Structures are given as C-alpha cells and as structure tokens.
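Worksheet: the structure to be examined is printed underneath.
All of the numbers you see were taken from the coordinates with simple rules; none came from a lab. What you are looking at is a predicted structure, and each value in this text was computed from that prediction instead of being measured. Here the Cβ positions follow ideal geometry from the backbone for every residue, glycine too, while neighbour counts run over all protein chains shown.
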Amino acid sequence: MKIFHDSFLSMKIDNLALGIDIGGTNTKIGLFNQTGSLIEFRTIPTNKAISPENFIQQVAYFSQSEILDPLDIRLGDQKIIGIGAGAPMANYFTGVIDHAPNLGWSQVELKRLLNFYFKCPAVIENDANLAALGEHQWGAGKDLSDFILVTLGTGVGTGLILNNRLYRGHMALGAEGGHVLIPHSKKRICSCGGEYHLESYLSAKGIKQTIKEMTGEDLTIEDLGARYIENNAAAIAVMNQISEELALGFVSMAVLLGPQAFIIGGGVSKLGLALNQLVEKRINELIHFSLVGKIKVITASLSSDKGAIYGGAAQVLIEQNRL
C-alpha cells in the first residue's frame with residue numbers, strides 16, 4: 001500500500017522521523033515530519049520464515065527504495081532524526097524483545113539492529129504503547145489526560161496514558177491488559193500459554209472462533225458488523241457475547257486505573273459505534289457505582305492500523321525535544 005503526498009516535495013523536508021509497527025502479519029512503515037504529518041506510508045509482509053536480523057535488514061532496504069529514494073534521502077541522512085519501532089513485547093529499557101509468541105521471536109536485540117541498519121538513533125516500544133502515544137499526541141486522546149488504548153488485532157494489546165504520560169511499569173512490563181483474566185464458561189488457551197486471558201477471546205482469531213461457534217459460519221469482522229446493522233439475530237447474539245467479554249476486561253482495568261476512556265484500535269475497531277455502545281452500556285451495568293457513566297468507549301482516530309507508527313514518530317520527536 002502506498003500513501004504519497006506530492007505537496008511535500010515542495011516543502012523543506014527535515015526533522016523527519018520514521019515510525020515502524022512490526023505486526024504478526026504485516027509491518028507498517030511511515031515517514032513523518034515534526035507536526036505529525038504522514039509523508040509516506042508502506043506495508044510489507046512480516047517474514048517470519050527468516051531470521052529477525054535478516055527481516056530488519058529487509059525492512060531497511062525496502063524503506064530506502066520505496067520511501068526515501070523518491071525524496072532523494074539516504075539512510076543516515078541528518079534529515080532523519082530517528083526511528084521509533086513498535087513490536088509485541090518490545091522492551092523500551094533494554095532494547096530487546098525477550099519473547100514475542102505472535103512473531104516467534106526470542107531474545108532479539110531490536111534496538112541494536114535498527115540502529116545498525118537504519119543508521120540513526122532508534123527507540124523501541126511495545127506496539128500498543130506506541131499506539132496510545134500516537135493517539136495522545138495527534139488522535140482521539142489528544143484532549144484526554146488518562147485513557148487506555150486497546151488494540152484488537154492479531155493479539156490484544158493495551159497502552160496506558162496516566163496524567164498525560166505513557167506508563168510502562170517496572171522493566172516495561174506494565175499495562176498488559178490483553179492478559180487480564182475474565183470469567184468464562186469456555187476455557188481457551190492464550191498464545192502466551194495462559195488460560196482465560198482476554199486475548200483468547202477478543203483477538204481477531206478469538207472473535208472469529210466465537211463467530212464460528214455461535215453461527216457455524218466463517219464470517220469476517222466486516223460481515224459480522226454488516227449483519228448486526230441488518231438486525232440479524234445470530235449477529236446480534238455474537239455482538240452481545242464479545243461485548244460482554246470486552247466489558248469484563250475493561251471493568252477490571254477501570255476500577256484500578258480510573259481512565260476517562262477506552263480507545264479501541266486494531267482491525268476489530270471496524271465494528272465502530274455499534275461495538276462501542278454495547279461495551280459502554282455493559283460496563284455501566286457491571287462497574288462500581290462511583291464510575292457509572294464516567295468512562296467512554298471510543299474508536300481510535302488514527303485509523304485502525306496506523307496508531308503505532310504515529311506513536312513511533314512521536315516518541316522520536318519527544319526524545320529529541322522536537323515536540
């Protein structure tokens with residue numbers, strides 16, 4: 001996929017930041033200026049058949065040829081002040097991915113590889129953390145001081161903004177809301193090996209499994225949303241079920257952290273207002289009386305798939321004192 005804005009060719013192009021989101025299926029790459037404008041955007045399949053180092057090298061070469069060459073910029077050019085990369089289980093403090101089941105990567109020195117192949121300062125972060133940072137800087141959370149960004153995609157990731165700051169927790173291991181336990185009649189095993197984790201039910205794979213169990217059909221998320229709008233009884237039952245599961249997880253997070261809102265991103269966010277309203281209603285039925293009506297459920301505004309690359313650029317610009 002290509003996004004290219006010709007108007008940027010006539011601008012002074014400097015203080016650029018690269019944002020990368022390494023996902024279980026695709027890796028997204030964006031080039032931004034310091035105002036958060038997306039200059040170039042590409043996707044490349046995440047090749048898990050090769051080593052992580054070879055894949056990062058492949059992404060660097062792809063970025064050079066497809067993103068930077070048209071602007072007459074080379075990797076290592078001083079116009080690029082850094083690269084911010086999001087990936088599952090990426091540790092901001094150590095620069096290492098200890099173990100990411102959805103990528104099949106263990107003990108990957110991601111920050112070092114990015115520094116080497118992109119020839120600029122790199123920062124790495126949990127992908128959901130970056131999505132939260134992107135929404136806080138330029139998206140649906142820009143007017144909020146406290147919120148939880150939830151990405152519903154290959155997995156379930158959460159990023160937490162507390163008092164206008166990204167919360168990482170000890171050794172960057174905090175705010176892993178996808179592994180909150182929820183009560184459920186059907187036990188499922190999470191990709192991490194745990195039981196009854198929110199991710200088991202609310203990842204794209206988990207939702208498709210629920211759809212299959214309840215309807216006997218292999219429907220897409222888009223199909224489910226369309227049928228729900230048409231008042232299809234089976235689709236209504238499925239939406240009620242996944243809303244119940246999501247609300248259970250949100251209530252556990254909310255009573256501890258007291259957010260103003262949950263912001264839903266990732267592919268499942270395409271269910272939009274219909275899902276948001278059902279989840280918000282159920283939260284208010286389940287939550288402690290002091291929080292009833294005080295927590296909104298909204299959709300990420302940086303599109304369902306670009307929050308982390310915006311956040312990667314924002315993190316670079318913050319650390320370089322350009323924001």
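Assorted remarks:
- Labels on offer are [x] 34, 20, 19; [y] 31, 26, 22; [z] 27, 22, 21, and the one holding semi-axes √(5λ) of the Cα gyration tensor in Å computed from this structure is [x].
- Separation of the Leu256 and Leu181 label points, Cα + 7 Å toward Cβ, nm: 1.2
- As a proxy for reagent exposure, ranking Phe262, Phe41 by other Cβ atoms within 10 Å from fewest up yields Phe41, Phe262.
- The residues neighbouring Lys119, those whose beta-carbon lies less than 14 Å from its own, together hold a net charge of +3 under the Lys/Arg +1, Asp/Glu -1 convention.
- FRET efficiency for Asn54 and Ser290, using Cβ-Cβ distance with R0 set to 41 Å, rounded to 0.05: 0.20
- C-alpha center-to-center spacing [the stretch 83-148, the stretch 184-262] in angstrom: 26
- Each peptide in 73-86, 197-210 receives the mean, over its residues, of other Cβ atoms within 10 Å, and ordering these scores from highest gives 197-210, 73-86.
- Residues with amide H under 5 Å from that of His99, placed H, sequence gap 5 or more: Gln107
- Only helices reaching 15 angstrom along their own axis (Cα) with mean Kyte-Doolittle hydropathy no lower than 0.0 count here, and for the DSSP H runs of the chain these are 233-257, 307-319.
- Remark: spin-label model distance Ile236-Asp143 equals 3.4 nm, labels positioned 7 Å along the Cα→Cβ axis.
- Amide H within-cut-off set for Ile39, under 5 Å, with H built and near neighbours excluded: Leu31, Phe32, Asn33
- Inter-centroid distance (Cα atoms) of the stretch 276-300 relative to the stretch 29-46, Å: 33
- Note that the stretch 80-92 has calculated 3J(HN,Hα) couplings of 9, 8, x, 10, x, 10, x, 7, x, 6, 6, 9, 4 Hz, one per residue in order, obtained from phi through the Karplus relation 6.51 cos²θ - 1.76 cosθ + 1.60 (θ = phi - 60°); glycine and proline are x.
- Across Lys187/Lys212; Lys28/Lys187; Lys281/Lys306; Lys187/Lys270; Lys270/Lys296, pairs whose alpha-carbon gap is larger than 23 Å: Lys28/Lys187; Lys281/Lys306; Lys187/Lys270
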